[in-house]
Number of protein chains: 2
Amino acid sequence: MSLKATKILKHTPSVIASAAVGGKKEHEGPMGDYFDKINDDPYFSGDTFEQGECQLQKQSVLHTLNKAGLEATDIDVLFGGDLLNQCTGTTYGVRSFEMPFLGIYGACSTMAEGLLMSSLFVNAGYADKAMAVTSSHFCTAERQYRFPLNYGGQRTPTSQWTATAGGALVVSAKENPPYVRACTIGKIVDMGVTDANNMGAAMAPAAYSTIKEFFEDTGMSPEDFDFIVTGDLGKVGSRILCELFERDGINIRDRHKDCGLMLYSFDEQDVHAGGSGCGCAGSMLCGYFIPQLRAGAIRNILFAATGALLSPTVNQQGETIPSISHLVWLSHETADDLSDTNSAEKEN
Amino acid sequence: MSLKATKILKHTPSVIASAAVGGKKEHEGPMGDYFDKINDDPYFSGDTFEQGECQLQKQSVLHTLNKAGLEATDIDVLFGGDLLNQCTGTTYGVRSFEMPFLGIYGACSTMAEGLLMSSLFVNAGYADKAMAVTSSHFCTAERQYRFPLNYGGQRTPTSQWTATAGGALVVSAKENPPYVRACTIGKIVDMGVTDANNMGAAMAPAAYSTIKEFFEDTGMSPEDFDFIVTGDLGKVGSRILCELFERDGINIRDRHKDCGLMLYSFDEQDVHAGGSGCGCAGSMLCGYFIPQLRAGAIRNILFAATGALLSPTVNQQGETIPSISHLVWLSHETADDLSDTNSAEKEN
């Protein structure tokens, strides 16, 4: 019999700093003021879009370190990943920092996976300061996953717009809010969707699976949270997620927020079903939700980013799209009132 | 001031089972008898090479579960990754198991990263049973990183042969040998090598950095180990690694083993500088070293697999090749005689 997938973090580590970096379109959207830095140039003064994406990672790390008052040498472990083949946005973006580095791959769920890992490492004493970083870039993703930009291909109504954005955060021992209270490691879910232009539909069942597992493991309910935040389900996936819970008699609609629905203006920015990419959830968590939780304007959220674990190669071979969602409970409050019986951790 | 990159595992978890799966060429090599299963068909009865690679992962997991007497539902967390774009060898290979899954990316260092993560999770009580899996496939790697097979391109003398192989293992609480005594999280090292057909030279400095850090953090020396095992440095990288240590007055040459030099016969199998790929180190660890450690024929090894963190895209853009190496100390002995002062872990 296996342990619960939900780990209660009895030392409730703090997210002591975070930063979000974006591009021009992200700046023009309704959340534009929440970015720490904006780059109007998609090349970020480099020669290629890939070099631009590396800069998103580098800038996210540097702004976060700066806000935390830390040097790169203070970081015990960095968790990072992105959508580019072989995660080169991360590896080339962070190589100059010479931090102990553990590469992760979770597609657009990467920020949730990185926060989960960072929190577990700090909670266990493996790290005093753990960092997570991720990014995505419209121009690198578009040509890698779909078509060269110059081709000018038409986008389907269910397609989403990959955010040019990055986010980073530092987790440390319990200090000030927000605190990481628990996390749920997701399982791969594949409901048979094959349309790579409808990622929301492919990913919604993964979010449903993980959020439901969290509720079952903890006995908590949507009413315990201000917001249940998903990463980039967009219009289609968000509707599916709410409907899946409704079939169980659980209403999450009133508290559901999707970063892909927040980042852009649907009336003015022509993003079809919404934003997507690792940087979408990454920047909204690091730029908006964490500061709001710190200030107490928001008290409790579940952050459940989702990733579609496909590649163009296997998708073109006719494969369906497996997805995953990892979840983290972030809170303005500590866990002093938390029952020990919930603890999935052994006493060490 | 950050913690040491080396974590001493005070609960010394056990690797309770492991299995290696290989292809025809791996079977014909000098280590052919150490595989649990051999597949002569590179398609593994599937339609594509990618489906074949998925089977490597699936078979590795199934054989390991079988040897451990466990079901998929007994596994609390699975760490997996591979070289394919978006790690689809893993995600498609393991999706049917429905295990809590954390994707990792470390290129050919993946088995070391997975073993490290699994051991840290068990040591902290986050998992009772943690599993790691990886694979590589000559035919998927060759067309993704180099040329279509049908092109018949010539290989340079420094090039290596990607192993068609997979490996998986299960880590559990201290039980029988081998025990995981410590691990060192690597840093990204980039010494400016740009030749994607000379991965050994690119990766050797990363292995040097991590192994050196382990010796410095623990005060141990090469004489404390039967073997210092690297993943796939091949002829060129192995020579560089030994020379780097010789400059420091440290002789590792007598105890150094490279999985890439073990897997194939240089006289008969035309593999140029040696074997490579996640499955090279993965299968040699899971098929050879772990059983030898269990039996006591080998008492102590450092397993330091290396990964080259490049993609063809950025390499063709003229970029150098950053690399990383993660290290795990595996022992036939428990840590009962271990001084607490070495512990990099906080008391919880």
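The values are calculated or read from the model by the stated rules, or taken from the named source; none is laboratory data. Please read all numbers here as calculations on a predicted model, not as lab measurements. We place every Cβ from the backbone using ideal geometry, glycine too, and count neighbours over all the protein chains shown. Just the protein is used for accessible areas: all its heavy atoms, side chains included, with ligands, DNA and RNA removed. Shrake-Rupley method; radii C 1.70, N 1.55, O 1.52, S 1.80 Å.
List, please: which pairs have Cβ atoms under 6 Å, are six or more places apart or on different chains, and start with a residue in the stretch A:281-303 that is among the basic types (Lys, Arg) and end with one that is open to solvent by 10 Å² or more (accessible area, probe 1.4 Å)?
Between residues of the stretch A:281-303 that are among the basic types (Lys, Arg) and residues that are open to solvent by 10 Å² or more (accessible area, probe 1.4 Å), the close pairs are A:Arg294/A:Pro177; A:Arg299/A:Asp226; A:Arg299/A:His332.
Against the condition among the β-branched types (Val, Ile, Thr) and open to solvent by 10 Å² or more (accessible area, probe 1.4 Å), how does B:Thr320 come out, does it pass?
Yes: the conditions hold for B:Thr320.
For the stretch B:157-196, how many residues meet the condition of being of a type in the set (Ser, Thr, Tyr) and over 16 Å from the mean Cα position of the chain (by Cα)?
So the count comes out to 5.
Name every residue in the stretch B:296-337 that is among the acidic types (Asp, Glu) and more than 8 Å from chain A (Cβ to nearest Cβ), in order of residue number.
Listed by number, the residues that qualify are B:Glu333, B:Asp336, B:Asp337.
Can you confirm whether B:Thr73 is more than 10 Å from chain A (Cβ to nearest Cβ), open to solvent by 30 Å² or more (accessible area, probe 1.4 Å), among the β-branched types (Val, Ile, Thr) and over 17 Å from the mean Cα position of the chain (by Cα)?
Considered against the rule, which asks whether it is more than 10 Å from chain A (Cβ to nearest Cβ), open to solvent by 30 Å² or more (accessible area, probe 1.4 Å), among the β-branched types (Val, Ile, Thr) and over 17 Å from the mean Cα position of the chain (by Cα), B:Thr73 comes out as no.
Is the stretch B:18-28 home to any residue that is crowded, with 20+ Cβ neighbours inside 10 Å, over 17 Å from the mean Cα position of the chain (by Cα) and within 12 Å of another protein chain (Cβ to nearest Cβ)?
Checking the stretch B:18-28: not a single residue is crowded, with 20+ Cβ neighbours inside 10 Å, over 17 Å from the mean Cα position of the chain (by Cα) and within 12 Å of another protein chain (Cβ to nearest Cβ).
When you go through B:Met220, B:Met203, B:Met199 one by one, which is the residue that is within 14 Å of chain A (Cβ to nearest Cβ), open to solvent by 10 Å² or more (accessible area, probe 1.4 Å) and not polar (S, T, N, Q)?
When all the criteria are applied, what remains is B:Met199.
Restricting the search to the stretch A:32-41, which residues are in contact (Cβ under 8 Å) with a residue 60 or more places away in the chain and open to solvent by 30 Å² or more (accessible area, probe 1.4 Å)?
Once the filter is applied, which keeps residues that are in contact (Cβ under 8 Å) with a residue 60 or more places away in the chain and open to solvent by 30 Å² or more (accessible area, probe 1.4 Å), the stretch A:32-41 yields A:Tyr34, A:Asp36.
Which ones in the stretch A:192-216 are part of a helix (DSSP H, G or I) and farther than 19 Å from B:Leu102 by Cα?
Result: A:Met199, A:Gly200, A:Ala201, A:Phe215, A:Glu216.
Given the criteria within 14 Å of chain B (Cβ to nearest Cβ), in contact (Cβ under 8 Å) with a residue 40 or more places away in the chain, among the β-branched types (Val, Ile, Thr) and surrounded by fewer than 19 Cβ atoms within 10 Å (Cβ to Cβ), does A:Thr184 qualify?
So A:Thr184 does not fit the description; no.
Answer yes or no as to whether A:Phe49 is closer than 25 Å to B:Lys7 by Cα and of a type in the set (Phe, Trp, Tyr).
no
Checking B:Gly103 against (1) within 24 Å of B:Met262 (Cα to Cα); (2) touching a strand residue (DSSP E or B) at 6+ places or on another chain (Cβ under 7 Å): exactly one of these is not met. Which one?
Against the list (1) within 24 Å of B:Met262 (Cα to Cα); (2) touching a strand residue (DSSP E or B) at 6+ places or on another chain (Cβ under 7 Å), B:Gly103 comes up short only on (1).
Specify the residue that is farthest from the other protein chains (Cβ to nearest Cβ); the eligible residues are those in the stretch A:76-104 that are free of Cβ contacts under 8 Å to residues at least 60 places away in the same chain and aliphatic (A, V, I, L, M).
My answer is A:Leu78.
Check A:Asp258, A:Asp270, A:Asp248 and return the single one that is buried (at least 24 other Cβ atoms within 10 Å of the Cβ) and acidic (Asp, Glu).
A:Asp258
If you scan the stretch A:135-181, which residues turn out to be open to solvent by 10 Å² or more (accessible area, probe 1.4 Å), touching a residue at least 40 places away in the same chain (Cβ under 8 Å) and either under 29 Å from A:Lys10 (Cα atoms) or of a type in the set (Ser, Thr, Tyr) (or both)?
The answer is A:Tyr145, A:Thr156, A:Thr158, A:Thr164, A:Ala173, A:Lys174, A:Glu175, A:Asn176, A:Pro177, A:Tyr179, A:Arg181.
Residues being open to solvent by less than 30 Å² (accessible area, probe 1.4 Å) and away from chain A (no Cβ under 13 Å): count how many of those fall in the stretch B:42-60.
4
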